[in-house]
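Enquirer: Once you've had a glance at the structure underneath, I'll fire off some questions.
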Amino acid sequence: MNTQQQTEVVVIGGTPGGVAAAIAAARRGRRVVLVEAHAHFGGMSASGLGKSDVEKRRLIGGLFREFTQRVRRRYDESFGPDSENAHLCQSGYYYEPSVAEQVFLEMLQEHQGLTLLAEHRLVSAQCTGGAVVEATIASLRTGETTRLRGQVFIDATYEGDLLAAAGAQYRLGRESRDEFDEPHAGVVYFDYRRRRLLSGSTGEGDDRLPAYTYRLCLTTNAENAHRMTAAPPNYDRRVYLGYLDDLAAGRLAGPKTFKPGRGYEPAHFNTMVRALSVTPLPNGKTDVNINPRPLGFPFPEENAAYVEGDESQRRRTCDRIRELTLGLLWFLQTDAAIPTEHRNLANRYHLPGDEFADNAHFPFQLYVREGRRLAGEFTLTEHDVTRQPDAGFNHQREAGAAHPDTVAIGEFPIDSFPCRKRQPGDRIVLEGYLGMLDHITRPYEIPYRIMIPRTVDGLIVPVAASTSHVAFSSIRMEPTWMALGQAAGVAAHLAIRDRVPPRKAPIAELQRQLTADGQILEHQPLPTNAN
C-alpha cells in the first residue's frame, strides 16, 4: 500500500539534531513529521552516549540546555537533589540512555502538530524544479510506503541519506592537505602526547572514514547485570591479542594530563581494562567508549562499505561491529592470557538488565562518527575550527573572522578516531587518529551556510553539514548538532512564513529568534578552564 501525507516540515533522522529541529519548528506552529529508522528516538544520546561532550557549557544553550535541565530535574525529583544519583548526573549533562530517551519523548510529545514515525526508513526523495518536494519512506514492520510531501525537508541522519537521495553534492572520506591547506588533513600520524605530526603523514586524501564502534552503557550493579554466558558469534580471540602487546609496551597507561569526564579511571591504568574509556553515570551505570589509542584497537576499516551500502550491507556492518564489541568484552573478562586481577576488574562491568530490553540489552544505534558531508554554500575547515591566523590561508575568509550568519558556537577539540588498523611500523599511534583533546579549545562561530546545499533547494542539513573531515572531527558532537538542529527548525519556519527557499531565510530574524530561545551566537574569550 502506498499512501500520501501532506505536512510542512519533514525531518528525516530522530537523532538529537533531528529532535531539536522538529521541536523548534513545531513550537512555531508548524506541522512536522519526524522519521526515524529505529524504534527509539534520540540517536546516540539514547543509545549509550551517556555524557555530553561539552568543554564550555556556557557556549551551548537553547534546546540542548533545556534537555539537560529536564534531565537534572528528573534525577532531582526521583532521588533528591542531594543524592548521589543527582550528583552523578552532573547538572543533567550525564544520563542513562533510557532517561535521555524519556526526556526527548517528553519534549517531542508536547506538540500536537508533531507526528513521530518510528521504524521507518527513507526510500527515495523527489525534486521538482531543483527543490525537494517529497520523501518516500517505508515501514520496517509492514513494508508499506508513505509519500511525505512538505515545504522544507531537514536531513538529520548521521549518514546524510536524504541529501544523497535528493541529489545534493557531498564529500565522503578525507580531503588532501592541499585542498584547504589544513595541517592535519589526509593520511596522518599524529603524536597526541607530544602534539606533533609523525613520519608517514603524507596528507594524501582518500575515502577512509574514522572507525565506528558502539557506545556502551554498562552497569556495576550485580543485581542489574545481564552477564554474557558465551562468546558472541564469530568470536576470534586473535583479533584482540594486540592489546596484550599494548599492555607490555606501556600503551595502556594513564594520560599525561588527567581531566575529569574523559573516561579516565585511575584503577584501569596499566590494565587491560584501559582498552575501554569508562565514565560513571547515575544508578550504578557507566558510559563506556572504546579507547582509540591502543594499537590493538580492531575497529578501523570495518565500516568501509557502510555509508554507500544498501540496507542489508549496513545490517552486516552493524552486526560485525556489534560482534567485535561484545568480543572485546568477552576477551577482557575471560581470556586466560589476561592477568587474573585485570579479568576481575573487567568483570565488574556488564550489560544492564534495565536498558535496551528490546535489543538484548545492547545499544541500538551504531556510532557513525562521520558519514557523508554536504558540499554546501560554505565549507568549515580546520582553520575555522582552530581559529589560528598563522595556521594557513583560508580560501573563504580570514581565519578567526566573524560570520554574518552565525547560528551556533562550536567548542569541542578536534577528535577523530583512527582510519586504519595497525600498519607495519606503527609504534605510537594508529593512522588517522587526531586526538587533539589536550589542545586549547578555541570556540568558533558556525555559519548557517554550512547547512545549505549549493544547488538543491528545500533542504537543510544540520548533522551531515558542510565541513572538511578535520573540522567535522570537532563539530560532530551531539550538543553542537542539537544547536544546529534548532537553527534548522527555526529557519524552516521562517522560509515557509516568507515563502522563500531555506537559503533565502532572513538571517537577522533567524538570529533574533534563536537568541530569544537561549541559543548562544557569540562568545567572549575566557580562561581555558572556564565553563
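Enquirer: For the structure I just gave you, tell me whether Gly309 is part of a loop (DSSP other than H, G, I, E, B), crowded, with 21+ Cβ neighbours inside 10 Å and either more than 21 Å from the chain's Cα centre (by Cα) or free of Cβ contacts under 8 Å to residues at least 60 places away in the same chain (or both).
Expert: Details: part of a loop (DSSP other than H, G, I, E, B): yes; crowded, with 21+ Cβ neighbours inside 10 Å: no; either more than 21 Å from the chain's Cα centre (by Cα) or free of Cβ contacts under 8 Å to residues at least 60 places away in the same chain (or both): yes.
Answer is no for this residue.
Enquirer: What number of residues within the stretch 191-211 satisfy the criterion of being in contact with a Ser or Thr (Cβ under 8 Å, 6 or more places away or on another chain) and surrounded by fewer than 24 Cβ atoms within 10 Å (Cβ to Cβ)?
Expert: 3
Enquirer: Could you figure out which of (1) modelled with pLDDT of 95 or more; (2) surrounded by 17 or more Cβ atoms within 10 Å (Cβ to Cβ) isn't true of Ala391?
Expert: Every listed condition holds for Ala391 apart from (1).
Enquirer: Taking Arg196 and the conditions (1) over 18 Å from Asp457 (Cα atoms); (2) in contact with a Lys or Arg (Cβ under 6 Å, 6 or more places away or on another chain), which numbered condition does it fall short on, given that it satisfies the others?
Expert: Condition not satisfied by Arg196: (2).
Enquirer: What residue, among those in the stretch 1-34 that are of a type in the set (Val, Ile, Thr) and within 11 Å of Gly150 (Cβ to Cβ), is surrounded by the fewest Cβ atoms within 10 Å (Cβ to Cβ)?
Expert: My answer is Thr7.
Enquirer: Let me ask something additional. When you scan the stretch 177-190, how many residues do you find that are assigned to a loop (DSSP other than H, G, I, E, B) and open to solvent by less than 40 Å² (accessible area, probe 1.4 Å)?
Expert: If we filter the stretch 177-190 for residues that are assigned to a loop (DSSP other than H, G, I, E, B), which is where we start, we get 181-189.
Those still in the list that are open to solvent by less than 40 Å² (accessible area, probe 1.4 Å) too: 182, 184-189.
Within the stretch 177-190, residues that are assigned to a loop (DSSP other than H, G, I, E, B) and open to solvent by less than 40 Å² (accessible area, probe 1.4 Å) number 7.
Enquirer: Select from the stretch 73-98 the residues that are touching a helix residue (DSSP H, G or I) at 6+ places or on another chain (Cβ under 6 Å) and within 17 Å of Phe364 (Cβ to Cβ) and write down the one among them that is surrounded by the most Cβ atoms within 10 Å (Cβ to Cβ).
Expert: In this case the residue turns out to be Tyr95.
Enquirer: With the checklist (1) in a helix (DSSP H, G or I); (2) touching a Lys or Arg at 6+ places or on another chain (Cβ under 8 Å) in hand, flag the one item Pro210 doesn't pass.
Expert: Looking at each condition in turn, Pro210 falls short on (1).
Enquirer: If you take the residues in the stretch 99-115 that are surrounded by 17 or more Cβ atoms within 10 Å (Cβ to Cβ) and hydrophobic (A, V, I, L, M, F, W, C), which one is farthest from the chain's Cα centre (by Cα)?
Expert: Filtering first and then ranking leaves Leu114.
Enquirer: If Gly167 meets every condition in (1) assigned to a loop (DSSP other than H, G, I, E, B); (2) of a type outside the set (Phe, Trp, Tyr); (3) in contact (Cβ under 8 Å) with a residue 24 or more places away in the chain; (4) open to solvent by less than 50 Å² (accessible area, probe 1.4 Å) apart from one, which number is that one?
Expert: Every listed condition holds for Gly167 apart from (4).
The values are calculated or read from the model by the stated rules, or taken from the named source; none is laboratory data. Remember, predicted model here, so these are calculated numbers, not experimental data. Quick reminder, even Gly has a Cβ in these numbers, built from the backbone with ideal geometry, and neighbours come from all protein chains shown. In case anyone asks, the SASA skips ligands and DNA or RNA and just uses the protein heavy atoms, side chains included. Shrake-Rupley method; radii C 1.70, N 1.55, O 1.52, S 1.80 Å.
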